[in-house]
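A short write-up of the structure that comes next.
The values are calculated or read from the model by the stated rules, or taken from the named source; none is laboratory data. Note that this is a predicted model, so its numbers are computed, not measured. Methodologically, a virtual Cβ is constructed for each residue, glycine included, from the backbone with ideal geometry; neighbour enumeration extends over all protein chains shown.
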Ligand code: SIN
Ligand code: FE
């Protein structure tokens, strides 16, 4: 397998001129890796790098698009410092993405920014929620109809502990392997989920297929052990960027990470044919979104 990473020597959050090759690489499912680009944690912020910054029951601390901090433990002073740190990461991540991928300018929608203080290895979770298993990101409650999930990650571990991922093979190979086992899409089920407010809008066949891939991969122990994969290690003081709805990934170990999610409208890619929606549509031989069903 080719390396799933494309290393770039950049050491600034303002890349200036983007290179179309970077857009091509990220759209083909590669991870852009910046070993010399660090998100700087300021001295006053260092004490926030502790797991107890999480409120009970929260997985992450997040700053929503409206600037509201969620999931942080009590303590107004710490919360204000944390909010500023997450906000600074958001500003830098947006600048980075604008510079790297100029053709996305004006089209990206900012989703929440998160600070992830939990240690990956000790997170006990159901198989479906276990991100230590290879998967592509797909959301059960928020159908996206082909809108893309672009993510910027920064390892801020203060003790030099890397964040270790496994990265699987390309989306099309994995889709060809798992789609034949997927449950068929049923419009009545999608309508029932929407009526019960399980989903925030109608789950399209695309969303259904993406969830089937996500769950099918995570449930398959043989695939998890023996499927094509490469272990990669992201050191403290590095940044990486990928389309997490396309890059097959699993987070194996590490602690303290920043993450920014951005959404790109379906079809706004530089090369549409490489997207999960285009690939799944080709494999299905029929449209998977944008169908107007009789009510
Ligand atoms: C994931 O998106 O599956 C988790 C990424 C991470 O925690 O490093
Ligand atoms: Fe994921």
>> away from ligand 1 (no atom under 16 Å from the Cβ), under 30 Å from residue 87 (Cβ atoms) and either in contact (Cβ under 8 Å) with a residue 12 or more places away in the chain or not in a helix (DSSP H, G or I) (or both): is that true of residue 200 in this structure?
In response: yes
>> Can you say whether residue 64 is over 17 Å from residue 113 (Cα atoms), surrounded by 12 or more Cβ atoms within 10 Å (Cβ to Cβ) and in contact (Cβ under 8 Å) with a residue 12 or more places away in the chain, as far as the supplied structure shows?
In response: no
>> Need the failing condition index for residue 78 against (1) surrounded by fewer than 19 Cβ atoms within 10 Å (Cβ to Cβ); (2) more than 16 Å from ligand 2 (Cβ to nearest atom); (3) touching a residue at least 12 places away in the same chain (Cβ under 8 Å); (4) closer than 30 Å to residue 271 by Cβ, just the number.
In response: (4)
> Among the listed residues 286, 272, which satisfies the condition of being away from ligand 1 (no atom under 14 Å from the Cβ), more than 24 Å from residue 103 (Cα to Cα), without any contact (Cβ under 8 Å) to a residue 12 or more places away in the chain and exposed (fewer than 15 other Cβ atoms within 10 Å of the Cβ)?
Replying inline: 286
> Any idea which of (1) assigned to a loop (DSSP other than H, G, I, E, B); (2) surrounded by 15 or more Cβ atoms within 10 Å (Cβ to Cβ); (3) at negative phi is the one residue 29 doesn't satisfy?
Replying inline: (3)
> Hey, any hits in segment 225-244 for a residue that's closer than 22 Å to residue 141 by Cβ, within 14 Å of the chain's Cα centre (by Cα) and either in contact (Cβ under 8 Å) with a residue 12 or more places away in the chain or surrounded by 15 or more Cβ atoms within 10 Å (Cβ to Cβ) (or both)?
Replying inline: yes
> Residues of segment 32-52 being surrounded by 20 or more Cβ atoms within 10 Å (Cβ to Cβ) and not in a strand (DSSP E or B), which ones?
Replying inline: 37, 39, 41, 48
> Do you know which residues across segment 240-262 are more than 9 Å from ligand 1 (Cβ to nearest atom), assigned to a strand (DSSP E or B) and more than 18 Å from residue 157 (Cβ to Cβ)?
Replying inline: 241, 242, 243, 261, 262
> Which residues, taken from segment 239-289, are in contact with a strand residue (DSSP E or B) (Cβ under 6 Å, 6 or more places away or on another chain) and more than 16 Å from ligand 2 (Cβ to nearest atom)?
Replying inline: 239, 264
> Between residues in segment 152-179 that are on the phi > 0 side of the Ramachandran plot and residues that are at pLDDT 95 or above and within 16 Å of ligand 1 (Cβ to nearest atom), which pairs lie under 9 Å by C-beta distance while being six or more apart or on different chains?
Replying inline: 160/235; 160/236; 160/237
> Quick one: how many residues across segment 84-108 are outside any helix (DSSP H, G or I), touching a strand residue (DSSP E or B) at 6+ places or on another chain (Cβ under 7 Å) and surrounded by fewer than 17 Cβ atoms within 10 Å (Cβ to Cβ)?
Replying inline: 1
> Among 185, 206, which is in contact with a helix residue (DSSP H, G or I) (Cβ under 6 Å, 6 or more places away or on another chain), modelled with pLDDT of 95 or more and crowded, with 22+ Cβ neighbours inside 10 Å?
Replying inline: 206
